[in-house]
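**Student:** Got a structure here, written out as structure tokens. Questions coming.
The values are calculated or read from the model by the stated rules, or taken from the named source; none is laboratory data. Keep in mind it's a predicted model, so treat the numbers as computed, not measured. Using ideal geometry, Cβ is built from the backbone for each residue, glycine included, and neighbour counts are taken over all protein chains shown. Side chains are part of the model used for accessible areas, which takes the heavy atoms of the whole protein and leaves out ligands, DNA and RNA. Shrake-Rupley method; radii C 1.70, N 1.55, O 1.52, S 1.80 Å.
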Amino acid sequence: MKNRKAESGAVWRGLACLVLALGLTACAGPGGHPKDPLEPLNRATFRFNEVADEYVMRPAAQVYDYAPLPIKVGVGNFFGNIGDIWIGVNNLLQGKVTDGLSDGGRVLVNSTVGIFGLFDIATELGLEKHDEDLGQTLGKWGIGDGPYLVLPLLGPSNVRDTFGLIGDLTADPVWQVEEVATRNSLTGLRFVSKRAQLLGADTTAEQAALDKYGYLRSFYIQYRLNQVYDGQPPRVKDPDDDEASGDDGATAPQAAPQSDKKENQE
């Protein structure tokens with residue numbers, strides 16, 4: 001038990017040091033996108049992820065997708081119920097007490113009436129499903145997102161969300177399972193289940209843009225900003241939009257001179 005905790009702590013400390021080093025390097029490195037100073041490294045990781053997805057993760061998800069719908073729904077509900085525990089904690093940390101209590105109610109109802117979360121009875125009773133994590137909580141506390149990062153196998157992230165991910169995994173009940181085979185099986189099943197839910201979305205991303213990397217980067221930055229601000233983010237100019245629009249010669253309308261306004265009023 002102690003050896004396992006020591007090894008786990010060493011892994012997380014090493015990952016934290018790596019993320020910090022990448023963040024410091026990113027702050028000093030050049031890049032075309034202000035949020036992506038590590039773009040060459042991120043693109044290399046992105047290409048690795050694409051190959052791994054093509055030959056390993058997507059085929060596994062496609063096989064899993066043949067499972068009967070009730071089984072897939074039950075698996076998704078089971079892991080969703082586990083996730084509601086940490087979601088509720090993050091809602092409370094963000095000061096959203098009502099949502100946090102609602103998440104606690106979801107766990108209670110689905111773990112009992114819903115038979116260990118296999119059935120999502122809470123949603124039927126009007127208890128809304130939320131989506132919160134430690135990265136959002138850190139953002140709510142005013143911590144900036146930092147440089148954009150692409151994590152091996154996990155995909156788009158940033159420095160803040162990567163540190164948040166370390167906390168998320170540390171608090172994850174699945175990762176606390178002592179039996180290695182059981183823990184790995186549950187982790188793999190959850191991963192494949194989530195990947196199967198995105199089988200249509202990845203095709204859309206490939207067809208939507210000539211540069212899939214830039215498309216996903218822009219999507220992730222805007223998506224996380226929207227999550228941190230609960231759907232009401234401040235207006236932020238996205239450099240990817242400028243690159244997509246190109247130099248078409250159009251110029252923004254300028255305000256009329258002050259003298260002309262006075263003449264019109266007279």
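**Student:** Given charges of +1 on the Cβ of Lys and Arg and -1 on the Cβ of Asp and Glu, with all other atoms neutral, how large is the dipole of segment 77-198 about its Cα centre, in debye to the nearest 20?
**Tutor:** Here the size comes out at about 200 debye.
**Student:** Could you state the accessible area per residue of segment 197-236 in Å², with a 1.4 Å probe and every protein chain left in place?
**Tutor:** 66
**Student:** Please turn the phi angles of segment 139-155 into ³J(HN,Hα) values with the Karplus equation 6.51 cos²θ - 1.76 cosθ + 1.60 (θ = phi - 60°), one per residue in order, whole Hz, x for glycine and proline.
**Tutor:** With the stated coefficients, segment 139-155 comes to x, 5, 7, x, 7, x, 6, x, x, 5, 9, 10, 8, x, 6, 8, x Hz.
**Student:** For segment 53-132, what's the relative contact order in percent, using C-alpha pairs closer than 8 Å and at least 6 residues apart?
**Tutor:** Normalised by residue count, the contact order of segment 53-132 is 30 percent.
**Student:** Cα gyration tensor of segment 85-208, axes a ≥ b ≥ c as square roots of the eigenvalues: rounded (a/c below 1.5), prolate (a/b > b/c) or oblate?
**Tutor:** rounded
**Student:** Highest mean first, what order results for 122-130, 214-222 on Cβ atoms within 10 Å?
**Tutor:** In descending order of packing, they fall as 214-222, 122-130.
**Student:** Another one. Which Cα, out of T182, I166, S193, lies furthest along the positive dipole direction of segment 155-197 (beta carbon charges, K/R +1, D/E -1)?
**Tutor:** Working it through, the farthest residue towards the positive pole turns out to be S193.
**Student:** Express the carbon and sulfur contribution to the solvent-accessible surface of segment 37-86 as a percent, rounded to the nearest whole number, probe 1.4 angstrom.
**Tutor:** Here carbon and sulfur together make up 71 percent of the probe-accessible area.
**Student:** In the structure shown, do any of K72/K212; K140/K194; K35/K129; K96/K140; K140/K212 have a Cα-Cα gap over 19 Å, and if so which?
**Tutor:** Where the Cα-Cα span goes over 19 Å, the pairs concerned are K72/K212; K140/K194; K35/K129; K140/K212.
**Student:** Moving on to the next point. Modelled label-to-label distance, N184 and Q232, 7 Å Cα→beta-carbon offset: nm?
**Tutor:** Using points 7 Å along Cα→Cβ, the separation is 4.8 nm.
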